[in-house]
Each structure stands twice: as structure tokens, then as C-alpha cells.
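The values are calculated or read from the model by the stated rules, or taken from the named source; none is laboratory data. Bear in mind the structure is a predicted one, so any value in this text is a computation, not a measurement. Cβ placement follows ideal geometry from the backbone for every residue including glycine, while neighbour counts extend to all protein chains displayed.
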Amino acid sequence: MKALNFYAEKLPIGEIDIVFDSPVPYDELKGRSVKIELGEIPVPLISIQDLIEIKVKAGREQDLADVEHLRRILEK
């Protein structure tokens, strides 16, 4: 997986990751995406379930720690 991380202090979400070369096909991710609005701009976000799948496949230590946090979010 390849991704770029952007930090924007003025955005309500603070950080944006743009994922390239995902192990999950784009059309599948897009179909399950969650839409939010940043100002007046609609922005599709990856679903938590898809993000977990991508992070598990990446297998890096930080990604696996993120997976635990994301699973706790889903349990709420």
C-alpha cells in the first residue's frame, strides 16, 4: 500500500490520508465509502471495515495498533 498523509490544521478532521495502490480494489472501496462534507465539498471516506482490512494487509506495527483502535470504535 502506498499513501500520502496531509495535516491541515484548519480542517475539522485534521489529517487526510490519500491511498494509492490499495490491496482492495477501488470500485469496492468507493461502493462502501462514507460521505462527509468539508465545508460545502462532499468527500468520500473509506469505511472503517475497509480501513481495517487494508491495515491488516499492510501488517506494519503502527497499522496493527490502529486496527485495535478501529475495532474498539466499531464496538461502540
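Brief remarks follow.
- The residue pairs whose first member lies in segment 9-34 and is under 18 Å from Ile54 (Cα atoms) and touching a residue at least 12 places away in the same chain (Cβ under 8 Å), whose second member is polar (S, T, N, Q) and surrounded by fewer than 10 Cβ atoms within 10 Å (Cβ to Cβ), and whose beta carbons are closer than 6 Å, counting only pairs six or more residues apart or on different chains, are Asp17/Asn5.
- Taking every residue in segment 52-76 that is among the small types (Gly, Ala, Ser) and pairing it with any residue that is modelled with pLDDT under 90 and surrounded by 10 or more Cβ atoms within 10 Å (Cβ to Cβ), at least 6 positions away or on another chain, the pairs with Cβ-Cβ distances below 8 Å are Ala58/Met1; Ala58/Pro23.
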